[in-house]
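The values are calculated or read from the model by the stated rules, or taken from the named source; none is laboratory data. Since we're looking at a predicted model, the values are computed, not measured. Glycine gets a Cβ as well: all are built from the backbone with ideal geometry, and neighbour counts include every protein chain shown.
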Amino acid sequence: MREVSPPLGQDAVRQYLEAKRDEHLNLLRELVRQPSISAQNIGMEACARLVQQMMTEFGIAAEVKPTPGHPVIVGHVQGDSPFTVLFYGHYDVQPPEPLEAWHSPPFEPTVRDGRLYGRGTGDNKGQFLAHLLAVRALLEVEGRLPVSVKFIFEGEEESGSVNLPAFVEREQELLRADFAVTADGGMHPSARPVIYYGCRGILYVEASAQGANQDYHSGNRGGVLPTPAWELVHFLSDLKGPDGTVRLPGFYDGVRAPSAEEEGMLAALPFDGEQFLREHGLTGRPAPRGVDYYRALMFEPTMNISGLVSGYGGPGAKTIIPHEARAKLDMRLVPGQDPEAIFAHMEAWAKERHPSVALKNLWSWPASYTQPTLPVCRQVEAAVEDVWSQPPLKLPLMGGSVPNFVFTQTLGIPAVIVPYANHDEDNHAPNENIRLDCFYKGIETSVAILRRLAELS
């Protein structure tokens, strides 16, 4: 076994990172200042080129590759070991609206009270930049990497990663690696670091009902024209019962209960039910139990109405029969569920029971899961503890959905998610931010991960 540098401590790399803090903050400011709103196609090509330029300046061979949508940036650095880590991130951001709710402009990154505010600070520019700065630090201080590293940064995560699966399928040789690491999401509300060993999948569906060729007077045409809003409401009511159970046949196929080991992981997670209620303005309700909360968040699928539109919703009255109604449904799926099969069940069920409702599959991918007992996972746990001086909380699944399945299923490698952002980063909301201490420790964590993984080589 080759000689491995010690875990990050008071060594030359640590001193380098401390000396470079202002420069690293300015690099993050530069990245956040460049808009990259995938949903609106604003600044995407320019941001991809900026990321490529930074990578090249850091000593990383990088190129921008086209897709039918926004480009993907890939990069690599050969290390002492052929063992290869693949770092994933996304350079696109959510739309910043409502602009009036921001305390400072979303693309003018501003430091206040130890945090950097701006769209993309936490989701995901500050987090993937930490990986790049870790590699730069090792190259500049030690002149080498302990393991080989590859990068893939996409520009469509906030819009469903619609072109990523095909890109990864096509570029499997280019992206060949032994292990994938993502820094995304926030840490635990207790401020303790966490590791996610997977994430729920997603199925996003649009349901619509059409009536006449335009809106009509609800008196002059009432009772003789179809009413799409009622047709859609009946569809939605039939789809999910008052007790929260989804009635769609086949929806729960493949769902499994958590194992004894996973139940133990859930029971070990701290949870303040009363604080949860206060944080979400739900006073007067019974406080949930932690194990029930985490079991629902990780091992139980959901069906949510994320949008419902029909007719007039302004002040006063407007007596019309709306000519169309639309609903957006997002389903968070757990390991074992097949989003394509669920959509097929939904189409057949709607055709039989609600033929006036049309369905579109707008976005879907399966859940992802990696066994926490794998040696690579143990090394990541040790690396996080090296930096944070406490063991990370271990969560089997992230309640949200990121496209980790392209690593665990398409590339066939284990993958974990290690968030570097603070719990209250307000991603997707006004005043998105990242705590500066979290950003700096994120860089240190990426260094420690590379060093710990070298011990497996």
**Asked** Do we find that ARG256 is touching a residue at least 12 places away in the same chain (Cβ under 8 Å), closer than 28 Å to ALA367 by Cβ, out of contact with any strand residue (DSSP E or B) (no Cβ under 7 Å at 6 or more places or on another chain) and part of a helix (DSSP H, G or I) in this structure?
**Response** no
Checklist line | Yes/no for ARG176 being in the same structural domain as ALA421 (by TED's automatic domain parsing) and without any contact (Cβ under 8 Å) to a residue 60 or more places away in the chain | finding: no
Picking from THR110, THR56, THR67, THR121, the residue that is touching a helix residue (DSSP H, G or I) at 6+ places or on another chain (Cβ under 8 Å), of a type in the set (Ser, Thr, Tyr), surrounded by fewer than 19 Cβ atoms within 10 Å (Cβ to Cβ) and at negative phi would be THR67
Of SER368, SER356, the only residue that is in contact (Cβ under 8 Å) with a residue 40 or more places away in the chain, more than 14 Å from PRO414 (Cβ to Cβ) and polar (S, T, N, Q) is SER356
Those residues of the range 401-457 which are of a type in the set (D, E, K, R) and touching a helix residue (DSSP H, G or I) at 6+ places or on another chain (Cβ under 6 Å) amount to GLU425, GLU432, LYS441, GLU444, ARG452
- Kindly indicate whether any position in the range 387-400 is assigned to a helix (DSSP H, G or I) and over 23 Å from ASP123 (Cα atoms). no
Being in contact with a Leu (Cβ under 7 Å, 6 or more places away or on another chain) and among the polar types (S, T, N, Q) narrows THR182, THR283, THR245 down to just THR283
Of those in the range 297-347 that are among the β-branched types (Val, Ile, Thr) and free of Cβ contacts under 8 Å to residues at least 60 places away in the same chain, the residue surrounded by the fewest Cβ atoms within 10 Å (Cβ to Cβ) is VAL309
When every residue in the range 431-457 that is within 21 Å of the chain's Cα centre (by Cα) and of a type in the set (S, T, N, Q) is compared, the one surrounded by the fewest Cβ atoms within 10 Å (Cβ to Cβ) is ASN431
Checked the range 270-288 for anything out of contact with any His (no Cβ under 9 Å at 6 or more places or on another chain), in a loop (DSSP other than H, G, I, E, B) and within 23 Å of PRO391 (Cβ to Cβ); matches are PHE271, ASP272
Restricting attention to the range 134-156, the residues that are in contact with a Pro (Cβ under 7 Å, 6 or more places away or on another chain) and surrounded by fewer than 23 Cβ atoms within 10 Å (Cβ to Cβ) number exactly 1
